[in-house]
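The values are calculated or read from the model by the stated rules, or taken from the named source; none is laboratory data. Bear in mind the structure is a predicted one, so any value in this text is a computation, not a measurement. Counting neighbours? That spans all protein chains shown, and the Cβs are built from the backbone with ideal geometry, glycine included.
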Amino acid sequence: MLRDLWRDLAGIAHRLEVPAPPRAERAGESDAPDRIVDDGSMPYDPVVYARLFQRMLRHRNAETLAHDVILPTETLSVYDFAVAARDLVPAEAEAESFIREVERRYPDPAALGAEIARWWQT
């Protein structure tokens, strides 16, 4: 699943012309291409991943955190940030309203599918 996700993201990076990192930044990959290719063969690259999301989130306040950052866990847990599910679930009337709006905008399910497939376009 993660490989498929990376292949999708690398393809999006290719279409958005996100630059590949210089060869010097690619440990052990001296034969990697100078640009991102969309053939599913590109190995995971955290620099490309970060550049892609920086591009897609360019209108948002975003910060890239390196994978080598170790967050303190002695006194902190992911469960300390628990959010009650009721805060995340729309009321029935809201859900129905959103569904009607999507049905109005996309009477053809194929058009909706095509729009969803382009989720990354901003």
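If you go through the stretch 7-23 and keep only what is crowded, with 18+ Cβ neighbours inside 10 Å and within 13 Å of the chain's Cα centre (by Cα), you end up with 9, 10, 12, 13. Of the candidates 29, 115, the single residue that is at pLDDT below 80 and within 29 Å of residue 8 (Cα to Cα) is 29. On inspection, residue 64 fails the criterion of being at pLDDT below 85 and outside any helix (DSSP H, G or I). When residue 40 is tested against (1) at pLDDT below 90; (2) within 23 Å of residue 1 (Cα to Cα); (3) part of a helix (DSSP H, G or I), only condition (3) is not met.
Being out of contact with any helix residue (DSSP H, G or I) (no Cβ under 8 Å at 6 or more places or on another chain), surrounded by 10 or more Cβ atoms within 10 Å (Cβ to Cβ) and closer than 29 Å to residue 6 by Cα is the filter here; which residues of the stretch 96-117 pass it? If the condition is that a residue be out of contact with any helix residue (DSSP H, G or I) (no Cβ under 8 Å at 6 or more places or on another chain), surrounded by 10 or more Cβ atoms within 10 Å (Cβ to Cβ) and closer than 29 Å to residue 6 by Cα, then 111, 113, 114, 115, 117 are the ones that fit. If the condition is being surrounded by 10 or more Cβ atoms within 10 Å (Cβ to Cβ) and more than 25 Å from the chain's Cα centre (by Cα), then the stretch 71-95 contributes 76, 94.
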